[in-house]
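Notes to accompany the following structure.
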Amino acid sequence: MSNLISSDAAWRQLHDAATEPYRKAGKFAYEFARGKLGRDPVFRGLIERGLIGGGRGRVLDIGCGQSLFASLLSSMAAMQARGQWPSGWAATPARADYTGIELMPRDVARAESSIGHLQPTPRFVCGNMCTASFPASDLVVILDVLHYVDHAAQEGVLRRVRDALPTGGRLLLRVGDAANRRGFAISQWVDRTVTRIRGHKVSPTWGRTLQEWTALLQRLGFSVQSIPMSEGTPFANVLLVADRIEA
């Protein structure tokens, strides 16, 4: 049965299923979820490239916002259970024990009111990624947030991520490549604009080049693969797939 559904049809179903719960948190939460999942290439990219993996059930989402990734994981598991998974897509976790860490209380409240009912029950932590404890995890996701802290703090977060992962555990880290000056500048401007729209204070940012990000991760004990992740956008975003070499 799984090969009877196309990837485009499957993605439309996932988009609808993962965003529908956010209606309960109001128009802003719902429209933001629809726009983010529909326009940001990273989510479908993770699925189609098989980067999540069926055995990575303990998931830590750092800078999770309203935890759209948790809703997506739950919708993916439900679709697989129904046998409606495209044959070209790798299996993803049938059960995700999800922890999301988010600094902004309003985003945590939106997550709780929208998807707090999911099973297994997702855990939402309102806290600073630089000080919050990281549970043992198989998969850590950090999308577009590390640049909000300075270089020393970035390394501190990544060290603790490494320590939370077993050998073979995976970090999915999306960053802007500061070597691409135009794309990086555009992404920073959009990032600041969205931050204001979400009602948050705009903070300074600290970028690195792709070469610098890769060198840092390798020094911390990761093997690193870089994948351009700006398709359809003018940004300089790159997804770093970092697997822990040894625990």
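The values are calculated or read from the model by the stated rules, or taken from the named source; none is laboratory data. Note that the coordinates shown come from a computational prediction; the quantities given were computed from them, not determined experimentally. Heads up, the Cβs are rebuilt from the backbone with ideal geometry, glycines too, and the neighbour counts pull from every protein chain shown. In case anyone asks, the SASA skips ligands and DNA or RNA and just uses the protein heavy atoms, side chains included. Shrake-Rupley method; radii C 1.70, N 1.55, O 1.52, S 1.80 Å.
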- [ ] With the checklist (1) in contact (Cβ under 8 Å) with a residue 60 or more places away in the chain; (2) within 30 Å of L165 (Cα to Cα); (3) crowded, with 18+ Cβ neighbours inside 10 Å in hand, flag the one item T19 doesn't pass.
- [x] (1)
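Working only within the range 27-47, note down all residues that are surrounded by fewer than 16 Cβ atoms within 10 Å (Cβ to Cβ) and farther than 11 Å from Q66 by Cβ.
The answer is K27, E31, G35, G38, R39.
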Task: Residue under evaluation D61, criteria (1) outside any strand (DSSP E or B); (2) open to solvent by less than 20 Å² (accessible area, probe 1.4 Å), criterion not met - done: (1)
- [ ] Return yes or no: is R44 charged (D, E, K, R), in contact with a Lys or Arg (Cβ under 7 Å, 6 or more places away or on another chain) and within 28 Å of I227 (Cβ to Cβ)?
- [x] no
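Output the number of residues of the range 79-92 satisfying the condition of being outside any loop (DSSP other than H, G, I, E, B) and crowded, with 16+ Cβ neighbours inside 10 Å.
Matching residues across the range 79-92 total 2.
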Task: Members of the range 85-101 that are touching a strand residue (DSSP E or B) at 6+ places or on another chain (Cβ under 7 Å) and charged (D, E, K, R) - done: D97
- [ ] Evaluate the range 59-79: report whether one residue or more is small (G, A, S) and in contact with an Asp or Glu (Cβ under 6 Å, 6 or more places away or on another chain).
- [x] yes
- [ ] Out of the residues in the range 93-147 that are in a loop (DSSP other than H, G, I, E, B) and either touching a Ser or Thr at 6+ places or on another chain (Cβ under 6 Å) or basic (K, R) (or both), state the one that is most open to solvent (accessible area, probe 1.4 Å).
- [x] R95
Open item on the list: Quick test for you: out of S7, S67, pick the one residue that is hydroxyl-bearing (S, T, Y), touching a residue at least 12 places away in the same chain (Cβ under 8 Å) and closer than 24 Å to L171 by Cβ.
Closed with: S67
Open item on the list: Of the residues P105, P86, only one is of a type outside the set (S, T, Y) and touching a Cys at 6+ places or on another chain (Cβ under 6 Å); which?
Closed with: P105
Task: Qualifying positions in the range 98-129 - free of Cβ contacts under 8 Å to residues at least 60 places away in the same chain, within 16 Å of the chain's Cα centre (by Cα) and within 15 Å of V145 (Cα to Cα) - done: G100, I101, E102, L103
